[in-house]
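*Asks:* Okay, here's the structure, questions in a sec.
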Amino acid sequence: MGRGAARAAPTDLITTLRDVLRIFDTMVGRKVEFEPRIPGQASMYLCGPTVYDVAHVGHGRTAVVFDTIRRYLVWRGYDVSFVTNVTDVEDKIIARAAREGSTEQAVAQAFTEAYWHELDRLAVRRPDDMPTATGFIDEMLVLVSELVERGVAYVIEGEGVYFAVDRYPGYGELSHRRRDDLLDGAGARVDIDERKRSPLDFALWKTARQGEPSWPSPWGPGRPGWHIECSAMSLAILGEAFDLHGGGDDLVFPHHENERAQAEAAGHRFARYWVHSGMVVTGGGKMAKSLGNFTALGDALDAHDPRGFRLAVAQSHYRSQQELGAEVLADADQAVARVDNLLRRAESVGIESESGAPSSDVLSAFGDAMDDDFGTPRAVGVVFEAVRAANQSISDGEPNEAAPLVAAVRVALGVLGIGLGQTVERDDEIDALVVERTEARTRGDYEAGDRIRDELTSRGVVLEDSATGTTWHR
């Protein structure tokens, strides 16, 4: 099982799940049955960050989406190999280093560490391999050489090596675009250079410029183009015809289209399935650093429960666009607090949620939802119906009915990467005040009890008194 993998579902439960896991494959434009290269194993490659600035909430959503897919595959019984790259040499990194009087390596290292710091807060599991562009130069040079030898790439003196799009008949199939249409709109997404054979041709290797990092090559000193790195790294680590290639849907063209073209034109069997997540939007438009309309991921996690962030992501299907503003995250925070409150109520009546058999009905319904193209919104609905039912059983004095529901809630949310019962720093203080209020009421000092309740209410804490004691939630 891949490093850092979630615990797999029990064998008897797996047999109750659908026989078929269906995913939406961008290449064919519809849901298809997932048939991995090797039965029981799943290999995944996710395009990672270009580390020239802090991560924004869009990066957070993409990371959570594919971490959730990985976690579900593991829970379903697959041995998952998960790879995410880091682009540590690129125009924006070079520009920032020059602007700050630093080095490209220092800039990349600082923002790589910052990126993973925020993803650690989101409980995103580290990849099994995290290659960097600068660590795979040799593999990229081999791939470029293969393309040159096959006549699918050509050299422009003083500029570098370019891929000849017209030599690859399948160009445009991934993004479902006709080549004529791509040519008509070439100015929007590709570089225009009159020395290129076609406006669609893209750089595989860029000739060195003064003051920029460079490596030796058969075509002179230079550095790799952006697209070549992912093709070379994914094939080198995961091998031919690996299973899933993922990323945001803004990468379908040109990045993933170009990755596929250069890999297959060199004679390699590339990704079997393409999975793309929708963009985070704000005010109806895409959130992006280049547009200056982004919210830093760290700022969002400072203001909200990271578990709430993950729940908010799960409440929207991964292929849809999503807003992740303060209101959405606040609502998700409250939903997580409701589940935490269920655990407190369960413990107060002697239910140990980490022991005992979880409800197979709940987990089967959860699995059915996830088997339908990782349908997290319906899966979350299953979980919160179980939360409602468990609370009702506790209120009715039927803890034995609630116990398997509580256990299933913990398991299902764990698959979604949402840990439960995780307290914030002030929880111990709130617990102490609840105990103090209970003691005051026991000795008949209702004025003190009401004063404590009012103080907790002012902090956004709701108390619930019952025959079995007092519980609280935010």
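*Asks:* Inspect the range 79-97 for any residue being hydrophobic (A, V, I, L, M, F, W, C), within 24 Å of Ser43 (Cα to Cα) and without any contact (Cβ under 8 Å) to a residue 12 or more places away in the chain and give the result as yes or no.
*Replies:* First pass over the range 79-97, keeping only residues hydrophobic (A, V, I, L, M, F, W, C): 80, 82-83, 86, 89, 93-95, 97.
Next, only the ones that are within 24 Å of Ser43 (Cα to Cα) stay: 80, 82-83, 86.
Now drop any that are not without any contact (Cβ under 8 Å) to a residue 12 or more places away in the chain, which leaves none.
Among the residues of the range 79-97, not one is hydrophobic (A, V, I, L, M, F, W, C), within 24 Å of Ser43 (Cα to Cα) and without any contact (Cβ under 8 Å) to a residue 12 or more places away in the chain, which makes the answer no.
*Asks:* Something else now. For Ile156, all conditions in the list (1) surrounded by fewer than 18 Cβ atoms within 10 Å (Cβ to Cβ); (2) under 30 Å from Val65 (Cα atoms); (3) hydrophobic (A, V, I, L, M, F, W, C) hold save one; what is the number of the exception?
*Replies:* With respect to (1) surrounded by fewer than 18 Cβ atoms within 10 Å (Cβ to Cβ); (2) under 30 Å from Val65 (Cα atoms); (3) hydrophobic (A, V, I, L, M, F, W, C), Ile156 is out only on (2).
*Asks:* So is Val313 of a type in the set (Val, Ile, Thr), closer than 29 Å to Ala369 by Cα and buried (at least 22 other Cβ atoms within 10 Å of the Cβ) or not?
*Replies:* The answer is yes for Val313.
*Asks:* Here's something else I'd like to know. Do we have any residue at all in the range 391-405 that's under 14 Å from Thr68 (Cβ atoms) and outside any helix (DSSP H, G or I)?
*Replies:* No: zero hits.
*Asks:* What helices (runs of 4 or more DSSP H), lying completely within the range 296-390, carry at least 1 residues that are of a type in the set (Ser, Thr, Tyr)?
*Replies:* Of the helices (runs of 4 or more DSSP H) lying wholly inside the range 296-390, those with at least 1 residues that are of a type in the set (Ser, Thr, Tyr) span 326-348, 360-371.
*Asks:* Here's a check for you: in the range 6-22, which residue that is in contact with an Asp or Glu (Cβ under 9 Å, 6 or more places away or on another chain) and buried (at least 19 other Cβ atoms within 10 Å of the Cβ) is modelled with the lowest pLDDT?
*Replies:* For the range 6-22, the residue satisfying everything is Leu17.
*Asks:* Which members of the range 302-327 meet the condition of being among the hydrophobic types (A, V, I, L, M, F, W, C) and modelled with pLDDT under 95? First the steps, then the outcome.
*Replies:* Initial filter on the range 302-327 (among the hydrophobic types (A, V, I, L, M, F, W, C)): 303, 309, 311-314, 324, 326.
Matches in the range 302-327: Ala303, Leu324, Ala326.
*Asks:* Let me ask another. Would you call Ser320 touching a residue at least 12 places away in the same chain (Cβ under 8 Å) and either within 20 Å of Val20 (Cα to Cα) or surrounded by fewer than 18 Cβ atoms within 10 Å (Cβ to Cβ) (or both)?
*Replies:* yes
The values are calculated or read from the model by the stated rules, or taken from the named source; none is laboratory data. Worth saying up front: this structure is predicted, and the values here are computed from it rather than measured. Cβ: placed from backbone, ideal geometry, glycine included. Neighbour counts: every protein chain shown.
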